[in-house]
1. State all residues of region B:7-28 that are farther than 15 Å from B:Tyr57 by Cα, more than 9 Å from every other protein chain (Cβ to nearest Cβ) and surrounded by fewer than 16 Cβ atoms within 10 Å (Cβ to Cβ); if no residue qualifies, say none.
2. Working carefully through the options B:Gln16, B:Gln41, find the one that is at pLDDT 85 or above, of a type outside the set (A, V, I, L, M, F, W, C) and under 24 Å from A:Leu219 (Cβ atoms).
3. Please state which of the following conditions A:Ala112 fails to meet, knowing it meets all the rest: (1) outside any loop (DSSP other than H, G, I, E, B); (2) closer than 25 Å to A:Leu52 by Cα; (3) among the hydrophobic types (A, V, I, L, M, F, W, C).
4. Has region A:147-166 got at least one residue that is closer than 30 Å to A:Gly103 by Cβ, in contact (Cβ under 8 Å) with a residue 24 or more places away in the chain, facing chain B (nearest Cβ under 9 Å) and not charged (D, E, K, R)?
5. So, of the residues in region A:99-132 that are within 14 Å of another protein chain (Cβ to nearest Cβ) and under 19 Å from A:Leu177 (Cβ atoms), which turns out to be surrounded by the most Cβ atoms within 10 Å (Cβ to Cβ)?
6. So which of A:Gly53, A:Gly135, A:Gly60 ends up being of a type outside the set (Asp, Glu), touching a strand residue (DSSP E or B) at 6+ places or on another chain (Cβ under 8 Å) and either farther than 22 Å from C:Glu9 by Cα or facing chain C (nearest Cβ under 9 Å) (or both)?
7. Take B:Ile13 and tell me if it is among the aliphatic types (A, V, I, L, M) and more than 11 Å from the chain's Cα centre (by Cα).
Amino acid sequence: MTKAAISISNLHFAYGRHKVLDGVNLDVPEGSIFGFLGRNGAGKTTTIQVLLGLMDPQSGRCEVAGHDPQADAIAVRRAVGYVAEDQRMYDWMRIEQILQWTGSFYPTWDRAYAGQLLRRFDLPARSKIATLSKGQNTRLALLLALAHRPKTVILDDPTLGLDPIARKEFLRSVITLLQAEGATVFFSSHLLYEIEPVADWIAILDQGRIVKAAPTDELRDAVRRFILPRRDAMDLGRIPSVLDAVQRDGQWSVTLESATQDTRAALTAVAGGDVQEMGLNLDEIFEAYVIGNRGREVSPC
Amino acid sequence: MFIRIEPSSSSPIYRQIMDQIRYQIAAGVLKPGDKVPSIRQLAGQLAVNQNTVLKVYNELCRERVLEVDRGNGTVVMQGNLTIPIDERRKAVAALLREAVVQAIHLEVPPEQVHALLEKEYQTILAEKNRSSHHD
Amino acid sequence: MLKALLWKEWHEQRWRVALATVWLLGMTAIGLKTRILADRAVVVMIWNPAVILLPVFLGMGLFARERKERTLSYLIVHPVSRGHIVTAKVIAGLLAYLTPFLIGGLTVCLTVGGRERSVADLAEGFAIMAALGLVFFAWQLFAGLRCRREETYILMSAIVLGCWAIHSVVVEGWRLTERLGFWIWASNPVAIGNLDWGKPHEVRTVVLVQSLILAGLGLGLWFRFRRLPEGRS
């Protein structure tokens, strides 16, 4: 694998006795668009806040754009572009004012590029932020995160609350402005169908742990569902990598994490009949990882 | 070039793009020598990862559907297909298999399937002829 | 960087400062013009409530409102240290608080100075009131640093004032040994308002104790804000 733009090792975080991150390990390859998935409350925002040095973990280490956020948060924030979940900016500032103001915090701020983005995003420079629509607000947040030309960009559920057209436009900007420039984009979302076309890597966070991290294509090719025509209970003990196994209407549906010729043969042997195989969309793959029973409950439901 | 992506489909995005480019060539919308959009352009237009488009183009170049014309970008392959006929048959058979499974499942008899296949074939062929007639 | 932070704080406070200044000046002008009360009494009657209310009015905008509006979590993601943020806020709060006193004091001294009271006399009154309010301001900021809403900040401020009011009543009734009793009394901000210029030793003690408290509160504010988990939404 190429160098990591973000690496997290064995990160633990708790609010009092409530564990949020329980040993997160993750490497985000340089230049990738990395989709960070998880249900609400899985710990996505907490992970991101630790990466930016906004909160200190109980244990574990991370490195973002070559800096340790716990030792030098300022260096990390200078190097990284960040858009928070539902970012609230100062309502009373005009767009031109917030550009100037934000620019004064970054040594690498590029005024010409900021002006270029302003036109591209169709933002009225003289308007107050209070008067902007949700879509304009998100575009402004992205502009402010990009105008210092970061090589690593962290977006925390940036499309939350946008309409479908604005969402697509936002993702298009991520592709053309960031991927085309070779930047690394780490972005969390709970809308899987919108992540799939843009992400080349996907990590699934569940209950404070990474349950899977893989290139998107690999994930889609590896995770397969098999339909077995069999009514009684089966022994799936010999089938490796079962994510989910349920029986419904006289059929077994078995989802495998990595389907190979061997596992196909093994399944056919267990089923004792014809096995139907299908690919899954990202929603279904996510579901299998997050709420799959891992083949433990083999009694019919 | 118009391509539509269905995000909730269980078919991966790159397969969807590949199939639609193939279809447009088969239907004559894209003719030999026509330029296809650059990777950046198509990725931006579809809001799809550039590597996905790269993968599609590489795959289609490997299959000799597209070729890289130096100085002119990626174009639809000129001239005859160089894939052996066996390979081509195999590729079509794999797709027909899915259709047959569906036909058996929906209890459509073989002769009707034949008729449907014939009809589809003629429709696309006619479309192709019509669009080449327009030039 | 500090300049940008100060600019932002000043922009947020300037209308409040203007409003407070105009209101206080207007009331003072009416009082001084009618001449029903003595000049000194007018100044005390109008500016004493300001000493209590102005710090609350300005202080709730510094942290509590920013938290309520969720802009504080936006502010801290910039590449700027917490130390800078709290320093800018304290300086801005200080300037915002002192501006009405400065303008009011100057206006009063220049217009009615020498009519009943000398300029020095009036200026001293303003300076003492400003200093008294400043110490209350510091206590309120320290106590209300974690407030997430303006209402709780107002409540915290009221608690701070109440505590010192009770303290002054209790200390009066204690009759401790002369020396220790005075030190305890000197720790109360109210002592600034009751300075007896005839006893320079007491004045020195009060000034020393209050300066130490002010410095302590400033440092405390700085360290506490740096450790607050602001990222948590």
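1. B:Ala26
2. Values: B:Gln41 fails: under 24 Å from A:Leu219 (Cβ atoms).
Of the residues listed, the single one that is at pLDDT 85 or above, of a type outside the set (A, V, I, L, M, F, W, C) and under 24 Å from A:Leu219 (Cβ atoms) is B:Gln16.
3. Failing condition for A:Ala112: (2).
4. No, region A:147-166 contains no residue that is closer than 30 Å to A:Gly103 by Cβ, in contact (Cβ under 8 Å) with a residue 24 or more places away in the chain, facing chain B (nearest Cβ under 9 Å) and not charged (D, E, K, R).
5. Applying the first criterion (within 14 Å of another protein chain (Cβ to nearest Cβ)) to region A:99-132 yields A:99-109, A:120, A:128-130.
Now narrow it down to the ones that are under 19 Å from A:Leu177 (Cβ atoms): A:99, A:102-103, A:106, A:108-109, A:120.
On the way: A:Leu99: 22, A:Thr102: 20, A:Gly103: 18, A:Tyr106: 20, A:Thr108: 11, A:Trp109: 17, A:Arg120: 13.
Here the residue is A:Leu99.
6. Values: A:Gly53 fails: touching a strand residue (DSSP E or B) at 6+ places or on another chain (Cβ under 8 Å); A:Gly135 fails: touching a strand residue (DSSP E or B) at 6+ places or on another chain (Cβ under 8 Å).
That would be A:Gly60, the only listed residue that is of a type outside the set (Asp, Glu), touching a strand residue (DSSP E or B) at 6+ places or on another chain (Cβ under 8 Å) and either farther than 22 Å from C:Glu9 by Cα or facing chain C (nearest Cβ under 9 Å) (or both).
7. On the way: among the aliphatic types (A, V, I, L, M): yes; more than 11 Å from the chain's Cα centre (by Cα): yes.
Judged against the criteria, B:Ile13 is a match.
A quick yes/no check of all residues on (1) away from chain B (no Cβ under 13 Å); (2) modelled with pLDDT of 90 or more; (3) surrounded by 15 or more Cβ atoms within 10 Å (Cβ to Cβ):
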site	(1), (2), (3)
A:Ala213	yes, yes, yes
A:Leu228	yes, no, yes
A:Trp252	yes, no, yes
A:Ser258	yes, no, yes
A:Glu277	no, no, no
A:Cys301	yes, no, no
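The values are calculated or read from the model by the stated rules, or taken from the named source; none is laboratory data. What you see is a predicted model, and the numbers here were worked out from it, not measured in a lab. Positions of Cβ are generated from backbone atoms using ideal geometry, with glycine treated the same way; all protein chains shown enter the neighbour counts.
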